[in-house]
Amino acid sequence: MVTLAPSTHPLDLSAVRDRVDGVLAGFLADKASAACAGRLPSQAVEALADHVMAGGKRLRPLLCVTGWYAAAGQVPVPEPVVRVAAALELFHAFCLIHDDVMDNSPTRRGRPTVHRTLADRHPPDCCTLQTARKFGTGAAILIGDLALTWSDELVHTAGLTPGQLAMLLPLLDVMRTEVMYGQYLDLAATGHPTTDLDHALTIIRYKTAKYTIERPVHIGAALAGGTTALAEALTAYALPLGEAFQLRDDLLGVYGDIQITGKSPLDDLRDGKHTVLLAIALRAAAPHQAETLERLLGRPDLIETQAGEIRSILTATGARAQVEEMINLRCEHVKDLLNHADLIHPCALPALWHFANAAARRSA
């Protein structure tokens, strides 16, 4: 058994992030040069580069590299693996750009979303506001498609061995399929929050837990030749942590500070997202509280005072406290797993511990 201290951190995740950012910046710069040489619209590459390089946690690339260390041990992570990790960030960009279009979100990371930015840049003297917004939406969908296509290109030009590709490609197929189903489930339930807690948890599993945590660590471990038993051990860690990550995201979507999260705490309430938080509140609500929730949730014109009414009910019903407890229980569970993780190389354990702490405490 390996007992870990939160302060122990042998893997330099900051250095990994810098390497990933270097791959992304270089790849997108090459695409910008190719667009210029081919007299293709440079705005598409610029919009994608602005989105990708504007920030973000780089959680999926970092977990991918951590998965490599979980299988390979102290062997330095090679450049092809870093390029695959960067490809996961481009795939994430595709997901976010399309998600923002589906939700009609105005901001992401404290900046206008891609579709809003493109609409604002459309010449106002030649079109109506409606035309500009239609252009922004259509162009953002295409730029998201570029991110998906280029993430695949990064993988196939990474310099992997045939054996590594044979291990990787089925995992990528599964990851992409899972997140599409998760997004579909989320989209279908939006505007119709219910007491169905199991359905809310299913959305979390496919939209976030698998795609954010499980598959990235699986991919990194597979590239290092990790065993099936190791993949199962990583799944036991990843799924509860992914659930905790999304549960925290749901709380931040309602109670978060826009100056920190970069997202309005009105968006999820205006959309009427079917979350665990709302399912618990609807189950526990008194009749007058349930009536208020049903009247206000999903209103696109919801104002802050009405959002305050909703938040008061979420607190009064115990929903907020229960979600906090669910997060804590999951994070403590994964830490306990790490203290008995015989199959995971010890050099990766502190990084995995770090992600568990971050999921529990994060404010953005």
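The values are calculated or read from the model by the stated rules, or taken from the named source; none is laboratory data. This is a predicted model, so every value here is computed, not measured. Please note: Cβ atoms are built from the backbone with ideal geometry, for glycine as well, and neighbour counts cover all protein chains shown.
Taking the residues in segment 223-236 that are buried (at least 24 other Cβ atoms within 10 Å of the Cβ) and either aliphatic (A, V, I, L, M) or assigned to a helix (DSSP H, G or I) (or both) as candidates, determine which candidate is nearest to the chain's Cα centre (by Cα).
At the first step, the residues of segment 223-236 found to be buried (at least 24 other Cβ atoms within 10 Å of the Cβ) are 223, 226, 234.
Next, from what is left, pick out any that are either aliphatic (A, V, I, L, M) or assigned to a helix (DSSP H, G or I) (or both): 223, 234.
On the way: Leu223: 22, Leu234: 18 Å.
Checking each candidate, the answer is Leu234.
From the list Pro216, Pro193, which one is part of a loop (DSSP other than H, G, I, E, B) and within 19 Å of Arg248 (Cβ to Cβ)?
On the way: Pro216 fails: part of a loop (DSSP other than H, G, I, E, B).
Within the list Pro216, Pro193, the selection yields Pro193.
Just checking, which of Pro76, Pro61 is out of contact with any Gly (no Cβ under 7 Å at 6 or more places or on another chain) and not in a helix (DSSP H, G or I)?
On the way: Pro61 fails: not in a helix (DSSP H, G or I).
Pro76 is the lone residue from the list that is out of contact with any Gly (no Cβ under 7 Å at 6 or more places or on another chain) and not in a helix (DSSP H, G or I).
Looking at Gly220, Gly191, Gly159, Gly163 in this structure, which one is closer than 26 Å to Pro300 by Cβ and of a type outside the set (A, V, I, L, M)?
Details: Gly220 fails: closer than 26 Å to Pro300 by Cβ; Gly159 fails: closer than 26 Å to Pro300 by Cβ; Gly163 fails: closer than 26 Å to Pro300 by Cβ.
Of Gly220, Gly191, Gly159, Gly163, the one residue that is closer than 26 Å to Pro300 by Cβ and of a type outside the set (A, V, I, L, M) is Gly191.
Quick one: how many residues across segment 246-286 are of a type in the set (S, T, N, Q), crowded, with 21+ Cβ neighbours inside 10 Å and out of contact with any helix residue (DSSP H, G or I) (no Cβ under 7 Å at 6 or more places or on another chain)? Write out each step before concluding.
Going through segment 246-286, the residues of a type in the set (S, T, N, Q) turn out to be 246, 259, 261, 264, 275.
Retained after the next criterion (residues that are crowded, with 21+ Cβ neighbours inside 10 Å): 246, 275.
From what is left, the residues that are out of contact with any helix residue (DSSP H, G or I) (no Cβ under 7 Å at 6 or more places or on another chain) are none.
The number of residues fulfilling the criteria is 0.
Go through segment 319-332 and report how many residues are surrounded by 14 or more Cβ atoms within 10 Å (Cβ to Cβ) and either polar (S, T, N, Q) or in a loop (DSSP other than H, G, I, E, B) (or both).
Here the count works out to 1.
Can you tell me which residue within segment 333-364, out of those that are in a helix (DSSP H, G or I) and more than 23 Å from Gly220 (Cα to Cα), is modelled with the lowest pLDDT?
Within segment 333-364, the match that is modelled with the lowest pLDDT is Ala360.
Out of contact with any Asp or Glu (no Cβ under 9 Å at 6 or more places or on another chain) and either of a type in the set (S, T, N, Q) or in a helix (DSSP H, G or I) (or both), is that true of Asp186? Let's see the steps before the verdict.
Values: out of contact with any Asp or Glu (no Cβ under 9 Å at 6 or more places or on another chain): no; either of a type in the set (S, T, N, Q) or in a helix (DSSP H, G or I) (or both): yes.
No; evaluated as a whole, the condition is false for this residue.
Here are some residues: Arg121, Arg109. Which one is farther than 28 Å from Val84 by Cβ and touching a residue at least 40 places away in the same chain (Cβ under 8 Å)?
Working: Arg109 fails: farther than 28 Å from Val84 by Cβ.
Every option except Arg121 fails the conditions.
Return yes or no: is Leu154 assigned to a helix (DSSP H, G or I), within 20 Å of Leu90 (Cα to Cα), without any contact (Cβ under 8 Å) to a residue 40 or more places away in the chain and not acidic (Asp, Glu)? Explain how you work it out, then say what you get.
Working: assigned to a helix (DSSP H, G or I): yes; within 20 Å of Leu90 (Cα to Cα): yes; without any contact (Cβ under 8 Å) to a residue 40 or more places away in the chain: no; not acidic (Asp, Glu): yes.
When the stated conditions are applied, Leu154 does not pass them.
Could you count how many residues in segment 239-284 are free of Cβ contacts under 8 Å to residues at least 40 places away in the same chain and aliphatic (A, V, I, L, M)?
At the first step, the residues of segment 239-284 found to be free of Cβ contacts under 8 Å to residues at least 40 places away in the same chain are 239, 242, 253, 268, 270, 281, 284.
With aliphatic (A, V, I, L, M) added as a condition, the list becomes 239, 281, 284.
Selection size over segment 239-284: 3.
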